[in-house]
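Before any comments, here is the structure.
Each value in this text was obtained by applying a stated rule to the coordinates, not by laboratory testing. Here the structure is a predicted model, which means the values were calculated and not measured. No Cβ is skipped: glycine too gets one built from the backbone with ideal geometry, and neighbour counts run over all protein chains shown.
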Amino acid sequence: MQDAELNQTFYEGQTIHHPKSWLTKYVFSQDHKTVAIQYFSLSLLTGVVGVILSMVMRLQLGFPGLFDISPDTYYQSITMHGMIMVIYLLTAILLGGFGNFLIPLMLGARDMAFPFVNMMSVHFYALSVILLFASYLVPGGPTGAGWTLYPPQVLLPGTPGYDWGIVMMILSIAVFIIAFTMGGLNYVTTVLQSRARGMTLMRMPLVIWCIFLATVIGLLAFPALLVAGIMLLLDRLIGSSFFMPDIFQFGQHVTNVFGTEYEGGSPLLFQHLFWFFGHPEVYIVALPMFGIVSELISCHARKNIFGYKMMVWALIAITAVSFIVWAHHMFVAGMNPVLGFFFATTTLIIAIPTAIKVYNWVLTLWKADIHMTVPMYYAVGFIFTFIIGGLGGLFLGNVSVDVELSDTYFVVGHFHVVMGISPILALCGGVHHWFPLITGRTMNNFLGKIHFWGTFAGAYLIYIPMHYLGLGGVLRRYYDFKGLAYVSDSLHDMNVFITLASIVVGLIQFLFLFNIVWSYFKGKKVEKNPWKATTLEWQTTTMPPGHGNWPNKLPTVHRWPYDYSVPGASEDYIPQNVPLEAETEGGSSHE
Amino acid sequence: MAASIVFALFTIMVVFFNYYSIENQFWFPELASNWGDMDTATLMTLIISGVVFVVLSLFICYCLIRFRHRENSKAEYQIGNNKVEGWLIALTTIGVIALLAPGLMVYSQLINEPEDSLRIEAIGEQWTWSFRLPGADNTFGKTNPKHFGIKNSFGLDPDDKYAQDDILIQSSTLHLPVNQPIALSLRSKDVLHDFYVPQFRVKMDLVPGQLTNLWFEPNVEGEYEILCAEYCGLQHTYMRGLVVVESEEKYKQWLSEQIIFANTSLNLPPDADKQEIVSGEMLSIRLGCTACHSIDGSNGIGPSWKGVAGEERTLSNGEKVIADHYYLEESIVSPNSKVLQDYPPIMPSYGLSHEELDQIVEYIETLNETNE
Amino acid sequence: MNDLVKDWSSDVSTFKIRWSKAMMWIFLISDTFIFGTFLISYMAIRLTVVDSWPDTSQVFALHVGGTDVPLLLIAIMTFILISSSGTMAIAVNAANKKDKRKTGIFMLLTVLGGIAFVSMQAFEWTKLIVDEGIRPWGNDFGAQQFGSFFFMITGFHGLHVLIGVIYLSIVSKRVLAGRYDGIDDYQIVEVAGLYWHFVDLVWVFIFAFFYLW
């Protein structure tokens, strides 16, 4: 106890130096809010490239041959699109962006526990993005082995970028993992050790719980990717055979860089390591968006989140189980078939806590006072798409159903609903909700609604048909579908339709970026706490909060984060830092 | 208000899309094997999850209308309800078990192949298929990746007595008898592949360095495409084969026409008259050339071999070139230095001996002559 | 159970320790997963590889006075590293008593142990590469993954030791220079100690799985 108090008082007593120069204020800033904005902008810019790459793919699939897209370009686009979206956009923006911005503010801390490490984190992230795009400059271009980077093809001719592209990719990922670890240590330490007085763990807003647990997952899952990457790199550079068996390709035995033959490695080992990271990665992305949506729904429906404790325990259950489901990505990969029973069972078990979360969001709407603000549109839209995505997971987790659906467009449709559209809705909702806190202005509602409906309709028009194509056995990662007897002509029409829809939806995303930029300069100025929210980040003395967040004393927390519509209270919300006595009748804060 | 109606419309649209997709064949391909149970399991999941989706979605839409903000409206302060929560958990658990149990039952059938299965081995390589049967002794000969060579494209151990009568099918077309369980062992020469026949439902990866297995019982006669379902490089899309399911008699007839390992050139005595070890034609099949280059003039991924030798062709940089013996050899050794117009520069380089190169190029040239 | 949850979720901080110490713990858990993944991969390959695994007592033998003594060098290395954990513990103990001189001296002893360990590892690598001809892509004793796994895992561990040596030398210099006298109670020594003990602990596992198996 003494140590912890020492921390707090030591820090509180310090006079904070506010940076003055442009460089220290915007580039080498250690303020968690600036770091968050750096993460936001960089990852959104990276995401723009990802969206453009997806259009390249869709143009080839919709109009094969018309745009002169070679198989090289097609497969490189697939790979880069997947990597960018999953790691460099979603992981970075949800943890680096929202995590950095919200954790200290919502917990009532002055900053992250280690601001310098935090700054280093975003710089390493920038470096990893530069390395990623630099792979377009090396001979052979970026790797085209799919985002899963499966050996042995990733290191063999016949796959684009097998010589230098893959090296750049692994280096970039390694740097990203370092960046993530630096950020992640900060988030976990801050959440565990530097909350405001009275902010017990069970009084933390759900979004903090979610980001915290997602970071824990990341810290334990990224090592597997790092190790797999190192071993793959060694196979490529010093001739080891971790993942490379004896291979006979194009009429010759394949040799490593030293001219001796590869021998005895296990390609399956890479798949296990990759998915031991890859599946928890889904939850690294999913949990923060659960959290954001929980906040949005509770605040804009003016009602406390249904079953807060149950939500927290469901999150913890998801975190724990997420580490023992990875091989459901490998039901047809050639592992020992008996494992299928185990992983199918664990996978469907994880559906239960996930379902609880959906029920509780829906039940929060029951007898609520729903304000259909733009953030609420996004949140409700998210629930719809997430229901679709979650139910799609029941197909793919159930082993014998997966056998006929794996590697088809059902899988593509499923993970784009879960990992594509749902995070876009959640994070755009989050940006709309917290934009006033960042800039002091609101985003344009009209543009917001257009973007919402465009994206939401896109989810249905693009990805629902994909699920059915998958039922029809249409395979993913195909360059075109010419000359296949079992696919009907209407497939080609459907592909054209999906392509057109996805280009429209892709372009609509630029509307969101435009909205951010426009609102930053021209948005309507608003007063403090425009949404009348209870959580601490809105209770700072100035909006946007200054460096150090709370100018004088750190706030003291007296109640849980969801005191909306408390009976007898004068307003329909009571902020977390209002003492219980101040609201006599409704003061019975839930614990 | 309007918003929730739109939300509800989207939900209804999804339901009706089922009819649209059945109409337009975005639906299970026609079943031609014993794995109808898989379709049943999938369909059951579709129905259960469909009901859950519609109920939850419409409930949300109802809430959005019923509890929308009006003047002086206020939300109810309700912390949670353990009883409701408990019921929901119980219901979900029952639903999950209802889906999982049949799924696992089908799976246990899937991984236990019947005793009387016909054993066949399928071999995948970039980007074509070949097959092997155990032959009269019903035992597969030993294989080892070290034995792979242009002359021994199955990697069989030449000294193994069980290997001698193995039937080698150096073609991507496989014939199967109808109504007979087939147990496939899968082996890859180079990278990951996946054996998939949509009408049979099952699929399984081919992993270099290990064997994988799957079984099915084709029960409708006909021709079905074999597809590669695991990304395996630039020509992944075009890695196709054919399964011909036919009557027992026809199958026997086909089988009797296939060669056994002992009769392949590798096992001929060294002093035999035929020093021409493998013909150019055989080489081109074994190397998988014909996966991209047709020999009948039809257009493939690469230019057809028919009528190419000696002709003038246009390169991608606009230059003209005569496809003489030298050019053809160069195109095999360093394929992407002079690529023909309208073809992508994607062919891998083949490391062949001088003799082998000669044989293939001579074969290409004969294609020309026979057609004149 | 309920009380446990209440204690853990209590006010301000969950664990009553410094931020830096908490961060080091969390980092070490993450690092455990890295080493764990390395070792599990190693075991998986070793159990599935077709070629026989080299006889470790033969490969790692040291030629002393005309006879091959198995595992001699590695026994000395392990002994040194474990002892350095001991000196580190003494340094932490002294730090808690704010004995600046003793802390500094014992930290420097630890650094010496670390340097000795890394040098002996360099010697071992040289011997294996130059004399025994072990390469990442093959060796004369058996399965070729032996060399690559050995160099990768011991190399990664050696890197940790090397980082620890640098880290400890900086801290010990600062301790002796009196940098932590005024503001703080030598907690940073304890944090550095955590890291060092972790590196030693990992070595025990590598030793057991590589040399004794």
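Does B:Val361 count as within 23 Å of A:Pro157 (Cβ to Cβ) and not in a loop (DSSP other than H, G, I, E, B)?
On the way: within 23 Å of A:Pro157 (Cβ to Cβ): yes; not in a loop (DSSP other than H, G, I, E, B): yes.
So B:Val361 passes the test.
May I ask you to list the residues in the stretch A:99-139 that are surrounded by 19 or more Cβ atoms within 10 Å (Cβ to Cβ), assigned to a loop (DSSP other than H, G, I, E, B) and of a type outside the set (A, V, I, L, M)?
A:Gly108, A:Arg110, A:Asp111, A:Phe114, A:Ser135
Among the listed residues B:Ser73, B:Ser57, B:Ser49, identify the single one that is within 7 Å of chain A (Cβ to nearest Cβ), farther than 25 Å from B:Val220 by Cβ and either assigned to a loop (DSSP other than H, G, I, E, B) or not polar (S, T, N, Q) (or both).
On the way: B:Ser57 fails: either assigned to a loop (DSSP other than H, G, I, E, B) or not polar (S, T, N, Q) (or both); B:Ser49 fails: either assigned to a loop (DSSP other than H, G, I, E, B) or not polar (S, T, N, Q) (or both).
Answer to the check: B:Ser73.
So that you can scan it fast, the table gives a plain yes or no per residue for (1) more than 19 Å from A:Gly291 (Cα to Cα); (2) over 18 Å from the mean Cα position of the chain (by Cα):
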{"site": "A:Leu44", "(1), (2)": "yes, no"}
{"site": "A:Ile52", "(1), (2)": "yes, yes"}
{"site": "A:Leu61", "(1), (2)": "yes, yes"}
{"site": "A:Ser77", "(1), (2)": "yes, yes"}
{"site": "A:Leu102", "(1), (2)": "no, no"}
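Please go through the stretch A:210-222 and give me each residue that is hydrophobic (A, V, I, L, M, F, W, C) and in contact with a helix residue (DSSP H, G or I) (Cβ under 6 Å, 6 or more places away or on another chain), ordered by number.
A:Cys210, A:Ile211, A:Phe212, A:Leu213, A:Ala214, A:Ile217, A:Leu219, A:Leu220, A:Ala221, A:Phe222
When you go through A:Ala320, A:Ala314 one by one, which is the residue that is more than 11 Å from every other protein chain (Cβ to nearest Cβ) and surrounded by fewer than 24 Cβ atoms within 10 Å (Cβ to Cβ)? Give the steps one after another, and end with the answer.
On the way: A:Ala314 fails: more than 11 Å from every other protein chain (Cβ to nearest Cβ).
The match here is A:Ala320.
Being more than 7 Å from chain A (Cβ to nearest Cβ) and assigned to a helix (DSSP H, G or I) is the filter; apply it to the stretch B:60-70 and report the residue that is surrounded by the most Cβ atoms within 10 Å (Cβ to Cβ). Reasoning before the result, please.
Step one: filter the stretch B:60-70 for residues more than 7 Å from chain A (Cβ to nearest Cβ), giving B:61-62, B:65-66, B:70.
From the residues that got through so far, the ones that are assigned to a helix (DSSP H, G or I) too are B:61-62, B:65-66.
Values: B:Cys61: 21, B:Tyr62: 14, B:Ile65: 16, B:Arg66: 13.
This residue is B:Cys61.
Count, please, the residues in the stretch B:234-251 that happen to be in a helix (DSSP H, G or I) and more than 14 Å from the chain's Cα centre (by Cα).
Step one: of the stretch B:234-251, the residues in a helix (DSSP H, G or I) are B:236-238, B:248-251.
If we keep only those that are more than 14 Å from the chain's Cα centre (by Cα) too, we end up with B:248-251.
Matching residues across the stretch B:234-251 total 4.
Quick check on the stretch C:192-206. Is at least one of its residues among the β-branched types (Val, Ile, Thr), in a helix (DSSP H, G or I), surrounded by 15 or more Cβ atoms within 10 Å (Cβ to Cβ) and touching a Lys or Arg at 6+ places or on another chain (Cβ under 6 Å)?
Narrowing the stretch C:192-206 to residues among the β-branched types (Val, Ile, Thr): C:199, C:202, C:204, C:206.
This time we only want the ones that are in a helix (DSSP H, G or I), so: C:199, C:202, C:204, C:206.
This time we only want the ones that are surrounded by 15 or more Cβ atoms within 10 Å (Cβ to Cβ), so: C:199, C:202, C:206.
Now drop any that are not touching a Lys or Arg at 6+ places or on another chain (Cβ under 6 Å), which leaves none.
The answer is no, given that none of the residues of the stretch C:192-206 is among the β-branched types (Val, Ile, Thr), in a helix (DSSP H, G or I), surrounded by 15 or more Cβ atoms within 10 Å (Cβ to Cβ) and touching a Lys or Arg at 6+ places or on another chain (Cβ under 6 Å).
List pairs: first in the stretch A:469-483 and more than 7 Å from chain B (Cβ to nearest Cβ) and surrounded by fewer than 21 Cβ atoms within 10 Å (Cβ to Cβ), second among the hydrophobic types (A, V, I, L, M, F, W, C) and part of a helix (DSSP H, G or I), Cβ under 6 Å, 6+ apart or cross-chain?
Close Cβ pairs satisfying both conditions: A:Arg476/A:Val412.
Listed here are the residues, each with its yes/no results for (1) charged (D, E, K, R); (2) over 30 Å from A:Pro579 (Cα atoms).
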{"residue": "A:Met199", "(1), (2)": "no, no"}
{"residue": "A:Met204", "(1), (2)": "no, no"}
{"residue": "A:Ala214", "(1), (2)": "no, yes"}
{"residue": "A:Met231", "(1), (2)": "no, yes"}
{"residue": "A:Asp235", "(1), (2)": "yes, yes"}
{"residue": "A:Met244", "(1), (2)": "no, yes"}
{"residue": "A:His253", "(1), (2)": "no, yes"}
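Identify, by number, the condition in (1) in contact with a Phe, Trp or Tyr (Cβ under 8 Å, 6 or more places away or on another chain); (2) free of Cβ contacts under 8 Å to residues at least 60 places away in the same chain; (3) under 16 Å from C:Phe38 (Cβ atoms) that A:Leu226 doesn't meet.
Single failed check for A:Leu226: (1).
Kindly list the number of the only condition in (1) over 30 Å from A:Met372 (Cβ atoms); (2) in contact with an Asp or Glu (Cβ under 8 Å, 6 or more places away or on another chain); (3) surrounded by 24 or more Cβ atoms within 10 Å (Cβ to Cβ); (4) not aliphatic (A, V, I, L, M) that fails for A:Asn256.
Result: A:Asn256 passes all but (3).
When the residues of the stretch C:143-161 are narrowed to those that are over 21 Å from C:Thr48 (Cα atoms) and surrounded by 16 or more Cβ atoms within 10 Å (Cβ to Cβ), which ends up nearest to the other protein chains (Cβ to nearest Cβ)? Give the steps one after another, and end with the answer.
Initially, the stretch C:143-161 is screened for residues over 21 Å from C:Thr48 (Cα atoms), giving C:154-161.
Keeping just the survivors that are surrounded by 16 or more Cβ atoms within 10 Å (Cβ to Cβ) gives C:154, C:156-158, C:160-161.
Numbers: C:Thr154: 14, C:Phe156: 8, C:His157: 13, C:Gly158: 14, C:His160: 14, C:Val161: 18 Å.
Ranking the qualifying residues of the stretch C:143-161, first place goes to C:Phe156.
So C:Asp140 ticks every box in (1) exposed (fewer than 15 other Cβ atoms within 10 Å of the Cβ); (2) part of a helix (DSSP H, G or I); (3) within 14 Å of chain A (Cβ to nearest Cβ) but one. Which box is left unticked?
(2)
Might you let me know whether the stretch C:104-127 holds any residue that is within 14 Å of chain A (Cβ to nearest Cβ) and either out of contact with any Pro (no Cβ under 7 Å at 6 or more places or on another chain) or in a helix (DSSP H, G or I) (or both)?
We begin by selecting, within the stretch C:104-127, every residue within 14 Å of chain A (Cβ to nearest Cβ); these are C:125.
Checking which are either out of contact with any Pro (no Cβ under 7 Å at 6 or more places or on another chain) or in a helix (DSSP H, G or I) (or both) leaves us with C:125.
Scanning the stretch C:104-127 turns up at least one residue that is within 14 Å of chain A (Cβ to nearest Cβ) and either out of contact with any Pro (no Cβ under 7 Å at 6 or more places or on another chain) or in a helix (DSSP H, G or I) (or both).
As an exercise: evaluate A:Met372 against (1) in a helix (DSSP H, G or I); (2) more than 19 Å from A:Leu461 (Cβ to Cβ) and give the number of the one condition it does not meet.
(1)
Restricting to the stretch B:7-21, and then to whatever is surrounded by fewer than 16 Cβ atoms within 10 Å (Cβ to Cβ) and more than 9 Å from chain A (Cβ to nearest Cβ), can you tell me which residue is nearest to the chain's Cα centre (by Cα)?
B:Tyr19
Regarding the stretch A:394-409, can at least one residue be identified that is without any contact (Cβ under 8 Å) to a residue 12 or more places away in the chain and surrounded by fewer than 24 Cβ atoms within 10 Å (Cβ to Cβ)?
No, because not a single residue in the stretch A:394-409 is without any contact (Cβ under 8 Å) to a residue 12 or more places away in the chain and surrounded by fewer than 24 Cβ atoms within 10 Å (Cβ to Cβ).
Kindly evaluate A:Ala379 against the criterion of being within 30 Å of A:Phe446 (Cβ to Cβ), over 18 Å from the mean Cα position of the chain (by Cα) and crowded, with 24+ Cβ neighbours inside 10 Å.
So A:Ala379 fails the test.
Could you list, in sequence order, all residues of the stretch B:308-340 that are assigned to a strand (DSSP E or B) and free of Cβ contacts under 8 Å to residues at least 24 places away in the same chain? Show your work before the answer.
Of the residues in the stretch B:308-340, the ones assigned to a strand (DSSP E or B) are B:312-315, B:320-322, B:340.
Selection gives B:Glu312, B:Lys320, B:Val321, B:Ile322.
Could you count how many residues in the stretch A:62-77 are surrounded by 24 or more Cβ atoms within 10 Å (Cβ to Cβ) and not hydroxyl-bearing (Ser, Thr, Tyr)?
1
Quickly run through the stretch B:30-41 and pick out the residues that are in contact (Cβ under 8 Å) with a residue 12 or more places away in the chain, within 25 Å of B:Ala101 (Cα to Cα) and of a type outside the set (A, V, I, L, M, F, W, C). Steps first, please.
Restricting attention to the stretch B:30-41, the residues satisfying the condition of being in contact (Cβ under 8 Å) with a residue 12 or more places away in the chain are B:30-35, B:37-41.
Still in the running and within 25 Å of B:Ala101 (Cα to Cα): B:31-35, B:37-41.
Scanning the stretch B:30-41 gives B:Ser33, B:Asn34, B:Asp37, B:Asp39, B:Thr40.
Evaluate the stretch B:33-40: report whether one residue or more is of a type in the set (Phe, Trp, Tyr), at the interface with chain A (Cβ under 8 Å from one of its Cβ atoms) and within 30 Å of B:Tyr224 (Cβ to Cβ).
In the first step, residues of the stretch B:33-40 are kept if they are of a type in the set (Phe, Trp, Tyr); the result is B:35.
Now narrow it down to the ones that are at the interface with chain A (Cβ under 8 Å from one of its Cβ atoms): B:35.
Still in the running and within 30 Å of B:Tyr224 (Cβ to Cβ): B:35.
The answer is yes; a qualifying residue exists.
Given B:Lys151, B:Lys203, B:Lys189, B:Lys146, which one is within 11 Å of chain A (Cβ to nearest Cβ), charged (D, E, K, R) and within 18 Å of B:Glu30 (Cα to Cα)? I'd like the intermediate steps shown before the answer.
Working: B:Lys151 fails: within 18 Å of B:Glu30 (Cα to Cα); B:Lys189 fails: within 18 Å of B:Glu30 (Cα to Cα); B:Lys146 fails: within 18 Å of B:Glu30 (Cα to Cα).
Among B:Lys151, B:Lys203, B:Lys189, B:Lys146, only B:Lys203 is within 11 Å of chain A (Cβ to nearest Cβ), charged (D, E, K, R) and within 18 Å of B:Glu30 (Cα to Cα).
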